[in-house]
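Shown next, in C-alpha cells, is the structure this report addresses.
Read-outs: derived from the displayed coordinates by stated rules, not from any lab. The structure displayed is predicted, hence computed values, not measured ones. Cβ atoms come from the backbone with ideal geometry, glycine included; neighbour counts cover every protein chain shown.
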Amino acid sequence: MLLQHKKLLRLLQQAYSAEKAAAYAYIGHADSVRDLKHQQLIHQIEIDEWNHRSEVLKIMQHYQIPVSTFFEIKYGVIGKLICASCYVIGWFMPYYFAGKLESGNVCEYFA
Ligand SMILES: [Fe+2]
C-alpha cells in the first residue's frame, strides 16, 4: 500500500531517524551517571527507543516508505554529538536534549 500524504511520509521518516538520535543520547546519558541502578534504568529507556524505531520501521515498510538517508545522517550525527557531550558536560546535556528530542517526537506523532 502506498501512502499519498507527503507530509505524513516525511514525518514518519523523521520520527524513525530521531528515535536513533534519542537512543544514542541515552547511551551517553547512562554512562554519565554513577549510580548503577540509574544506569540500568536509563539503558532500558535506550532499549525502548530502539523498539520505537523498529515499530516505526514496520509502519514505513507497510506503506513502502523508504528510509531517508538525509535524516539518518542528520539524526545520527545529532545523537552521537549529544552522546559524546554527556561525557564532557555530564548529566545536564542528556536531560535537556533527551527532553527536547522526545517532545519533538511526541509532536510528530500528534501531527
Ligand atoms: Fe522514542
Q: Quick one: angle between helix 69-89 and the longest Cα principal axis of the chain, in degrees between 0 and 90, rounded to 10, please.
A: 10
Q. What are the lysines whose alpha-carbon lies under 19 Å from the alpha-carbon of residue 80, with same-chain residues fewer than 8 places away excluded?
A. 20, 100
(Q) Starting from the 7 Å offset along Cα-to-Cβ, what nm value, one decimal, do you get for the label separation of residue 73 and residue 1? (A) 3.3
Q: With runs of 4+ DSSP H residues as the only contributors, calculate the mean residue ellipticity of the chain at 222 nm using -39,500 (n - 2.57) per run, divided by the residue total and rounded to the nearest 500.
A: -30000 deg cm²/dmol
Q: Kindly provide the trypsin sites (Lys or Arg not before Pro) of the range 1-99 that DSSP labels as loop, not H, G, I, E or B, and whose Cβ sees at most 11 other Cβ atoms within 10 Å.
A: 34
Q. What's the angle, to the nearest 10 degrees (0 to 90), between helix 36-62's Cα axis and the longest principal axis of the chain?
A. 10
Q: Could I have the simple spin-label model distance between residue 40 and residue 63, label points 7 Å from Cα toward Cβ, reported in nm to one decimal?
A: 3.9
Q. In degrees between 0 and 90, to the nearest 10, how far off the longest principal axis of the chain does helix 6-32 point, with axes built from Cα atoms?
A. 10
